[in-house]
Amino acid sequence: MSVPARRVTVLTHRRPGEVAAALSSLRRLAAKDGIELRFDPEETRKHAVAANGGCVPDAAVSTDVDLCVVLGGDGTILQALRAYADTGIPVFAVNHGEVGFLATVDP
């Protein structure tokens, strides 16, 4: 039996407009279910994240989360995999890039 994720790091594509709709859906669903979404300073800037609705802006990428969600391409996925290698924290990646070889699912 798995434990639901309560704290989630979010990393996105370097072109924020390409993931805006998916990020909006993620934020809405997370707020509804009481899940905290954590955005590092770069993500906060890219998406103008404010501290509301369960969003935590300017949060360091750290191991005090239950999951990392990536909305991006292979480069962004590799960034997440490097950050969470050997931590036991799963990285779930939705392909929003060109190839998406490393992605868990397509949009």
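The values are calculated or read from the model by the stated rules, or taken from the named source; none is laboratory data. Note that this is a predicted model, so its numbers are computed, not measured. Heads up, the Cβs are rebuilt from the backbone with ideal geometry, glycines too, and the neighbour counts pull from every protein chain shown. Ligands, DNA and RNA are excluded from the accessible area calculation, which covers all protein heavy atoms including side chains. Shrake-Rupley method; radii C 1.70, N 1.55, O 1.52, S 1.80 Å.
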Here are several values of mean projected area of the Cα convex hull in nm²: (i) 8.2; (ii) 6.5; (iii) 7.1. Which one was derived from the coordinates shown?
-> (ii)
Fully extended contour minus Cα-Cα distance, from Asp66 to Arg28, at 0.36 nm per residue = 11.8 nm
Collect residues whose amide H, placed 1.01 Å from N in the peptide plane, falls under 5 Å from the amide H of Asp40; neighbours closer than 5 in sequence don't count.
-> Val10, Ala59
Report Asp33's accessible area, 1.4 Å probe, all protein chains in place, as a number in Å² to the nearest 10.
-> 80
Sum of -39500 (n - 2.57) over DSSP H runs of 4+, divided by residues of the chain (222 nm, nearest 500) | -9000 deg cm²/dmol
Summarise the accessible area of the stretch 1-67 (1.4 Å probe, protein heavy atoms) by the percent that is carbon and sulfur.
-> 56
Just order 13-20, 93-100 by mean Cβ neighbour count inside 10 Å, highest at the front, would you?
-> 93-100, 13-20
For the chain, with every protein chain kept in place, what is the accessible area per residue (1.4 Å probe, Å²)?
-> 56
